[in-house]
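Here's the structure, in structure tokens; my notes come after.
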Amino acid sequence: MSGAESQLVRHDIVAAGFRGSREPMLIVDADGRVVAASEGLAALLGLPVDALPGEICADWFLPAEALGGCALLGGCQGGLQRQLHLRNVHGDLVPVEVTCSSFQAEPLMPGGEGEADGPDARRHCYFHVQDARVRQHEDQVRAARLAKLPLLNQVSEALYGAHLTLDQILQAILICVTAGQGLRFNRAFLLLVDESGTRLRGEVAIGPSNAEEAARIWHDLADRPADLFEMMTSYDQSIKNTNAAVNAIVRRMTVPLEHDEHLLVRAMHERRVARVTSDLQWPGVDELRGWLGGGPFAVAPLTIRSGPVGVIVADNAISGQEIGDLDLEFLQMFANQSAAAIENSRLYRELEKRLVDLRRAHHQQKEDQQTLLRMERLSVMGETSAIVAHELRNPLVAIGGFARTLTRNLDESDPNHRFASIIADEVARMEEIIHDLLDFIRPRKMLRQETVLDALVVETAERFRAELEGSAIRLDVEAGCGEAALECHPGEIQQVLQNFLMNAMQAQAFGGQVTVRSTPVDGGLKVEVLDSGPGFAEADGKRLFSPFFSTKPTGSGLGLTICAQIIKAHGGVTGAANRPDGGATFWFILPLPRDAG
Amino acid sequence: MAKVLIVDDEPHLRLLYETELRRAGYETMTASNAAQGLEFVDTMRPDLVVLDIRMAGMDGIEALQRILERNNSIPVVLNTAFSSYRDNYLTWAADAYVTKSSDVTELLETVKNILDGRLAARS
């Protein structure tokens, strides 16, 4: 074989190689007859691939001359590219782009007729045919993407502006999903995870309810400029009255999140956009069809860093237009941006709320501080005036007292009698002023409060139990007054009872029994402390509550006196008695409020 | 004639009470502080003590306890400018509590009532 021959191509091998290719390709010989063709070409022509070899390829292309200048005239220099049409078996014209290149081929049959024809006869042509529709479609898609980018940009700027309330943002999202310059879905529904985090709940929806409405809205909007704000406001106005139907639908849309196979929940958790065709079977889809009316629809999750916040459901229920890949792609892009805007808005509101709280707290603190300062000043003033008033009292007593003495000593006809009496009167007035002032300044005594007596008795006895630690005294509490309550100063009553208990304990230093018993009596409640000690001498009985009387070697002798005074101040009575079978009883009775019977 | 001991650290008030009590027919003696008052309780055996509370040195409340410790049959009238002592239970052992006033009528009446009561009880 010569060097030139080594460059020859065995086109039978090539033919076998690209027969199965999906790319439309063919090889023709110098006569324009098909030597080899691919499946892809066969598909374009609508013919079986085996039927192609031997055919004249110029029959398929229009205009045929265009091809003739290349392969048929043997002048093909390769790299030629032509825009032609291809006529398929149905007679349809398919726009194609044809690229060709020529080469020398080894004769199919060695030593055959081709051998004698020389190099020109061995010239073959390779055609690559491209379906121009595919190319056009790709260009369209690219163009569509480019066209939407400014809008998406505007949307993102607008949504991030933080001047919109959450409701406005939701509205804007839906407008963009449906508006002519936006994603062009007919209807859009927005569902958010509710506050409890347990379900997806329909929030808001946009879309016409029938074809007439749709026609009117879309006509209204046809010539609007693509500026988002104008779009939002104009769209808002033209759909204001048409949303009733879709909003009635969206209010019914509720999906518990625990239903995790449900299409909406799943789309949200997997962060994937979904297209639901009329024949798809999936949990929850039938429910959605029930709400939406059965046509195809798209679902896009709204997800933020911390997790899913909701979904957008969109469909073309009015126009019936198919939901394309591009629509889906845009819906997802848009949903991502919307989710970010929703989060942004929520964070912003949260911040705003905290700011308001902080401001309020700050204001409150300032006020409190001022009040405190004022009170402090008042309190200092009060103390000062109390001291001054007191200091004035003694001199006034002397002045007024002697003026009265003088008045008495002087004869009424004496003019000095009148003057002395004036001094006495004026001093009396000053004393009155001071009295009122001190009365005002003096802090109020602790007020009596409604007290459940038994609670007080039990509490006091239990506290006293600690005192009995290590002693041989047994303490029993028999509280029998239930919930009966009376007006008293609990601390003082406690003091009385403690005193009685202490006496009972001291009366039986070597052990014994102490019982605290409360019982309702006529008009009041009685509390007794019974001990098992030696009791007291009958002669001492009357003096037990007198001041400074004490049978004990130590002690001020004021204890029981004070007890008696406290009980008396409460309108009650105290008493003591020896028990018939040994020991003593100390008791007091406190009156019940009259209206309580 | 009943003897009344006046314990007060204000000389002018002592003079006023002395004047008025004498006019009312009592024999009076005065002490300018609590310690002196206690001494007079022992030595002079008064029938009644008019006792100021706020005094330099020992105050009237302590004096009251000491008087009652020595002799709890002597009636004591607390006579003070401070009505707030009424709330102090240590003053409850006194027979009466009178708020100082340029009008000594209340003091005189209180003294009279107590002494008349004692007299009636004794007879």
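Within segment A:540-597, track down each residue that is open to solvent by less than 60 Å² (accessible area, probe 1.4 Å), modelled with pLDDT under 70 and of a type in the set (A, V, I, L, M, F, W, C).
Selection gives A:Phe548, A:Phe549, A:Leu558.
Among the residues of segment A:383-394, how many are open to solvent by 60 Å² or more (accessible area, probe 1.4 Å), touching a helix residue (DSSP H, G or I) at 6+ places or on another chain (Cβ under 9 Å) and under 12 Å from B:Ala81 (Cα atoms)?
Summing the residues that are open to solvent by 60 Å² or more (accessible area, probe 1.4 Å), touching a helix residue (DSSP H, G or I) at 6+ places or on another chain (Cβ under 9 Å) and under 12 Å from B:Ala81 (Cα atoms) in segment A:383-394 gives 1.
Rundown of residues vs (1) part of a helix (DSSP H, G or I); (2) at the interface with chain A (Cβ under 9 Å from one of its Cβ atoms); (3) open to solvent by 10 Å² or more (accessible area, probe 1.4 Å); (4) in contact with a helix residue (DSSP H, G or I) (Cβ under 9 Å, 6 or more places away or on another chain), yes/no style:
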| site | (1), (2), (3), (4) |
| --- | --- |
| B:His12 | yes, yes, yes, yes |
| B:Thr19 | yes, yes, yes, yes |
| B:Thr30 | no, no, yes, yes |
| B:Gln36 | yes, no, yes, no |
| B:Glu62 | yes, no, yes, yes |
| B:Gln65 | yes, yes, yes, yes |
| B:Val98 | no, no, no, yes |
| B:Glu106 | yes, no, yes, no |
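Among the listed residues A:Leu378, A:Leu392, A:Leu406, identify the single one that is assigned to a helix (DSSP H, G or I) and more than 13 Å from chain B (Cβ to nearest Cβ).
A:Leu378
Confirm whether A:Gln337 is over 25 Å from B:Leu13 (Cα atoms) and open to solvent by 80 Å² or more (accessible area, probe 1.4 Å).
no
I'd like to check something: does segment A:492-505 contain any residue that is at pLDDT below 85 and within 14 Å of another protein chain (Cβ to nearest Cβ)?
Taking every residue of segment A:492-505 in turn, at least one turns out to be at pLDDT below 85 and within 14 Å of another protein chain (Cβ to nearest Cβ).
Name the residues in segment B:1-10 that are within 11 Å of chain A (Cβ to nearest Cβ) and either assigned to a strand (DSSP E or B) or under 13 Å from the mean Cα position of the chain (by Cα) (or both), would you?
Correct list: B:Asp8, B:Asp9.
Just checking, how many residues over segment A:466-479 are loosely packed, with under 13 Cβ neighbours inside 10 Å and part of a helix (DSSP H, G or I)?
1
Would it be correct to say that A:Asn247 is at pLDDT below 65 and either among the acidic types (Asp, Glu) or assigned by TED's automatic domain parsing to the domain that holds A:Val193 (or both)?
no
Which pairs have Cβ atoms under 6 Å, sit 6 or more apart or on different chains, and link a residue in segment A:269-290 that is without any contact (Cβ under 8 Å) to a residue 40 or more places away in the chain and more than 19 Å from A:Gly320 (Cβ to Cβ) to one that is open to solvent by less than 100 Å² (accessible area, probe 1.4 Å) and part of a strand (DSSP E or B)?
A:Arg271/A:Pro301; A:Arg271/A:Thr303; A:Ala274/A:Val299
Go through segment B:75-90 and report how many residues are more than 10 Å from chain A (Cβ to nearest Cβ), at pLDDT below 90 and surrounded by 17 or more Cβ atoms within 10 Å (Cβ to Cβ).
Summing the residues that are more than 10 Å from chain A (Cβ to nearest Cβ), at pLDDT below 90 and surrounded by 17 or more Cβ atoms within 10 Å (Cβ to Cβ) in segment B:75-90 gives 1.
The values are calculated or read from the model by the stated rules, or taken from the named source; none is laboratory data. All values reported here derive from a predicted model rather than from experimental measurement. Note that each Cβ is placed from the backbone with ideal geometry, even for glycine, and that neighbours are counted across all protein chains shown. Remember, those area values only see protein heavy atoms, side chains included, never the ligands or the DNA or RNA. Shrake-Rupley method; radii C 1.70, N 1.55, O 1.52, S 1.80 Å.
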